[in-house]
Amino acid sequence: MKIAALILSLLATPALAETHVVQMFNRSDNGPMIYEPSFLRIAPGDSVRFVPTQPSHNAATIDDMIPAGAEPFKSKINEDFTTTLTVPGSYGIKCSPHFAMGMVMLIEVGDDLPDTVLPDTLSDRAKQRFEQIIAARPE
Ligand SMILES: [Cu+2]
């Protein structure tokens, strides 16, 4: 009986931090200049790896779209880049050369976050894309 309880407690141990893969495309089945997936909900301490599946993209945090206390980041064009997100909240991610064309994605770190606020500085295309992403995300 004691052994069974021990095994159960081991099984209940939280999973190790995960790495979530995001691919960057000039065009995917879902459209041009796009991150696949364009939405992630991850646990604090998980990592996100941005893979340049097609060339000429990067991943950078958008000013005013990262949680207070989180560290901004910006990968190099065509870099295979991994970052670990520890501060809970919503992170807006942009491709620097294609931001105005709406190449953005949203990462939610943690659960039960307040609504994402879209800054006025977004281009119309980026704003539209975020609105689509937010509308399509799971509860
Ligand atoms: Cu791009």
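The values are calculated or read from the model by the stated rules, or taken from the named source; none is laboratory data. Just so we're clear, the structure is a prediction, and the values are computed from it rather than from any experiment. Don't worry about glycine lacking a Cβ; one is built from the backbone with ideal geometry, like all the others, and counts go over all protein chains shown. The area values use the complete protein model at the heavy-atom level, side chains included, leaving out ligands, DNA and RNA. Shrake-Rupley method; radii C 1.70, N 1.55, O 1.52, S 1.80 Å.
Taking every DSSP helix (H) stretch of at least 4 residues in the chain, weighting each as -39,500 (n - 2.57) and dividing the sum by the residue count yields a mean residue ellipticity at 222 nm of -5000 deg cm²/dmol. Amide H contacts of Phe73: Thr61, each under 5 Å away and 5 or more positions distant or on a separate chain (H built 1.01 Å from N in the peptide plane; Pro and chain starts excluded).
Segment 15-70 and segment 88-110 have their alpha-carbon centroids 7 Å apart. Relative contact order of segment 19-84, taken over Cα pairs closer than 8 Å and 6 or more residues apart, is 33 percent. Return the FRET efficiency for the residue pair Glu139, Asp115: r is the Cβ-Cβ distance, R0 is 22 Å, and the value is rounded to the nearest 0.05. FRET efficiency, Glu139 to Asp115: 0.95.
Label-to-label distance for Asp64 and Val21 is 3.6 nm, based on points extended 7 Å past Cα in the beta-carbon direction. Ligands, DNA and RNA aside, Thr86 has an accessible area near 90 Å² when probed at 1.4 Å. Ordered by solvent-accessible area of protein heavy atoms (1.4 Å probe), largest first, the residues Val104, Val87 come out as Val87, Val104. Ranking of Phe73, Phe130 by solvent-accessible surface, largest first: Phe73, Phe130 (1.4 Å probe, protein heavy atoms only, all chains present). Surface composition of segment 27-87: carbon plus sulfur atoms hold 49% of the accessible area, using a 1.4 angstrom probe and ignoring ligands, DNA and RNA. Over the chain, what is the relative contact order in percent, taking alpha-carbon pairs closer than 8 angstrom and at least six residues apart? That works out to 22 percent.
Across segment 70-82, rounded Karplus estimates of 3J(HN,Hα) from the backbone phi angles (6.51 cos²θ - 1.76 cosθ + 1.60, θ = phi - 60°) give 7, 8, x, 9, 7, 7, 7, 4, 6, 7, 8, 10, 10 Hz, Gly and Pro being marked x. The convex hull built on the alpha-carbon positions of the chain has an orientation-averaged projected area of 10.0 nm².
Taken over the chain, lysine pairs spaced eight or more positions apart, or on distinct chains, with alpha carbons under 24 Å apart number 5.
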